[in-house]
Amino acid sequence: MARRLGRTDEADLGAALEISEGLHDQLDLIEISETLIREAGRLAEQLALGGYDAVHVASAILIDDADMALATGDRSPLRSAQAIGLATADLSA
């Protein structure tokens, strides 16, 4: 999308994709499950989150790892995660 909007050129896009691939290899992917969807629905209602944000926060809850922090630059899931006691990292700072 950034390319179509003229915010990046072909060289920068290629570099960004290369970085993205490297980061992807460091991620633990979470399968969508009925448990995840139900938790996201509960959070969406409880915390007034949109669907995507609710899925991200629900995923962080279900990971249940003391060393995990929800990292985002989006204020809504950041504040919601903090409100329910999750560790967070503000990427907008």
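Can you list residue pairs whose Cβ atoms sit under 9 Å apart, with the first residue in the stretch 1-20 being at pLDDT 65 or above and in a helix (DSSP H, G or I) and the second being surrounded by 10 or more Cβ atoms within 10 Å (Cβ to Cβ) and of a type outside the set (A, V, I, L, M)? Count only pairs 6 or more apart in sequence or on different chains.
Pairs that qualify, where the first residue is at pLDDT 65 or above and in a helix (DSSP H, G or I) and the partner is surrounded by 10 or more Cβ atoms within 10 Å (Cβ to Cβ) and of a type outside the set (A, V, I, L, M), are Glu10/Arg3; Asp12/Arg3; Leu13/Arg3; Ala16/Thr8.
Taking the stretch 38-92 only, how many residues are part of a helix (DSSP H, G or I), touching a residue at least 12 places away in the same chain (Cβ under 8 Å), charged (D, E, K, R) and within 22 Å of Asp28 (Cα to Cα)?
2
Tell me yes or no: at least one residue of the stretch 41-60 is closer than 19 Å to Leu91 by Cβ, surrounded by 10 or more Cβ atoms within 10 Å (Cβ to Cβ) and among the charged types (D, E, K, R).
yes
Given (1) modelled with pLDDT under 90; (2) open to solvent by less than 80 Å² (accessible area, probe 1.4 Å); (3) on the phi > 0 side of the Ramachandran plot, identify the lone condition not met by Gly85.
Checking Gly85 against (1) modelled with pLDDT under 90; (2) open to solvent by less than 80 Å² (accessible area, probe 1.4 Å); (3) on the phi > 0 side of the Ramachandran plot, the one that fails is (1).
Within the stretch 68-82, count every residue that is open to solvent by 40 Å² or more (accessible area, probe 1.4 Å) and within 14 Å of Leu43 (Cβ to Cβ).
3
The values are calculated or read from the model by the stated rules, or taken from the named source; none is laboratory data. Being a predicted model, the structure only gives us computed values, none of them experimental. Note: ideal-geometry Cβ built from the backbone for every residue, glycine included; neighbour counts use all protein chains shown. When the accessible area is computed, the model is the full protein with side chains, heavy atoms only, and any ligands, DNA or RNA have been set aside. Shrake-Rupley method; radii C 1.70, N 1.55, O 1.52, S 1.80 Å.
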